[in-house]
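Novice: Would you mind keeping the following structure in view while I ask a few things?
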Amino acid sequence: MKDEHREMLDKRLTPMHLYRLTPRTNCRECGFETCLAFATQVIVGQGDLDLCPYLDQEAVRPLREQLRQQHAAGIGVKKEGFEKALHFLRGEIRKWDFREVARSLGADYSEPEGGPTLRFAYFNAVVNVTHEDIGTDSGEALGPYDKILLYNYVIGGAADPAGIWVGMETLPNSVSKIKSLRGHCEDPLAQKYAGRLSRLPEAVAGIGTPIELREERVDFAVEFPILPRLGIRVLWWDEDPAEGFAARVKFLFDQKVLETLDLESLLFTCEQLTDRLLAAAR
Ligand code: SF4
C-alpha cells in the first residue's frame, strides 16, 4: 500500500502538466483569470476539468482517472481546504447524539473505550465513526474525501428510499454534474467492458448484486449497496457493431437520494465505485 502511494506520488499530475493541455488563451470562460490558475485549481481539487471547453479531450481522457485517484489519496490537494472541512465537520459531529441517529442511518451503536461509535458498511469495508475520527475494521486508511462523505452521511441524516430509480438528470440542480458523471463514470465503464460483459459478474463480486431488469432491456444490471441507506444501480448495454450501437452505461439513484447525500458527495461516490470497477477490469 505504501509503495503504491509512493508511486502515485512520484507520477502525480502537476499544474504544469495540465496547463500544457489548455490553449493558453486566458479566455476566462472557466471562471478563472488564466489558464494556469485553472490548471492549478483543478490539480489541488478546487476546480473541475470540464469547466474548460477547450481542453484537448484526447489528451485529457487518460488523465481523468489518474487525477481522481490522486485526489482520493489526498495527493496534491489543497490540504488546508480538506483540513478546514474536516475540522468543521468534526466540530459538528460532536453535537450529534449517535444513539439517537443510529437507527435512521442503518448503523450499529456502541460505547467502547473510544466513546460513542457508529458502525456501518461503506462499500466492502466496515467503518467506525467516533466523535474524534473515522477508521475501518480492516485498519485500511480512509482518504479525506471518504471521511467528508461519511461525516456528511451522518450529519445529513438518511431518508428511507422511495424505491423509484431515476437518472441524475431528474435530480434537482444536477445540470453541472451530469456531464461529470458521464465523463468520469458512465463512458469509461462502457468503454472498458464493451464486448466483455461476461467479465462483469466476477468484477462486481463482493461489492454488488446482479439484478434482473427485463423492462429496461439491459444486458447487465447491478445494485451496489454503498452505505446502509444508499444504493446505486448501474445498467449496461453492450455494443452491437453490426447495428452501429456503441456500448452504454447508466447510473441510477433512488428518487430521494438527495435527502441522504448532497450531489457533490453522490458524484464522488460514483467515482469511487467506477475506480473499483475499472480496477477489476484490469
Ligand atoms: S476556459 Fe480554458 S482556455 Fe479559457 S481560461 Fe479557462 S482554461 Fe484557459
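Every number here is computed from the coordinates shown, using simple stated rules; none is lab data. Computed from a prediction, not measured in an experiment: that's the story for all the values here. Here Cβ is always computed from backbone atoms with ideal geometry, including for glycine, and neighbour counts include all displayed protein chains.
Novice: Could you compute the net charge surrounding residue 224? Neighbours are other residues with a C-beta less than 11 Å from the C-beta of residue 224; K and R count +1, D and E count -1.
Specialist: In short, +1.
Novice: Here's another thing I want to ask about it. Skipping prolines and chain starts, which residues have an amide H placed within reach, meaning under 5 Å, of the one on residue 126, given they are 5 or more residues away or on another chain?
Specialist: 137, 138
Novice: Which entries of 11/192; 95/179; 95/177; 84/192; 192/256 show an alpha-carbon separation above 28 angstrom in the structure shown?
Specialist: Among 11/192; 95/179; 95/177; 84/192; 192/256, the Cα-Cα distance tops 28 Å for 95/179; 95/177; 84/192; 192/256.
Novice: Let me ask you something else. Under 5 Å between amide hydrogens, which residues at least 5 positions from residue 229 or on another chain qualify, with H placed 1.01 Å from N in the peptide plane?
Specialist: For residue 229, whose amide H was placed from the backbone, there are no distant partners under 5 Å.
Novice: What three numbers, in Å, describe the spread of the alpha carbons of segment 2-72 along their principal axes, ordered from the longest?
Specialist: 41, 22, 16
Novice: Sort segment 52-198 into rounded, prolate or oblate with this rule: let a ≥ b ≥ c be the square roots of the eigenvalues of the Cα gyration tensor; rounded if a/c is under 1.5, and if a/c is not under 1.5, prolate when a/b is larger than b/c, oblate otherwise.
Specialist: The shape class here is prolate.
Novice: I'd like the Karplus ³J(HN,Hα) series for segment 152-169: coefficients 6.51, -1.76, 1.60, θ = phi - 60°, whole numbers in Hz, and an x wherever there's a Gly or Pro.
Specialist: Running phi through 6.51 cos²θ - 1.76 cosθ + 1.60 with θ = phi - 60° gives 4, 5, 5, 6, x, x, 10, 8, 5, x, 7, x, 10, 9, 9, x, 4, 5 Hz.
Novice: Using just the helices of the chain, give the 222 nm mean residue ellipticity in deg cm²/dmol: DSSP H runs with n ≥ 4 each add -39,500 (n - 2.57), and the total is spread over all residues, rounded to 500.
Specialist: Helices in the chain give a 222 nm mean residue ellipticity of -12000 deg cm²/dmol.
Novice: Over the alpha-carbon set of segment 146-282, divide Rg by the Kirkwood Rh and report the Rg/Rh ratio to two decimals.
Specialist: My calculation of the ratio gives 0.96.
Novice: Still on this structure, please answer the following. Just from the alpha-carbon atoms, what are the Rg and Dmax of segment 191-243 in angstroms?
Specialist: Rg then Dmax for segment 191-243, in Å: 12.1, 42.
Novice: For a distance above 35 Å, tell me the whole-number percent of Cα pairs in the chain that qualify.
Specialist: 20 percent
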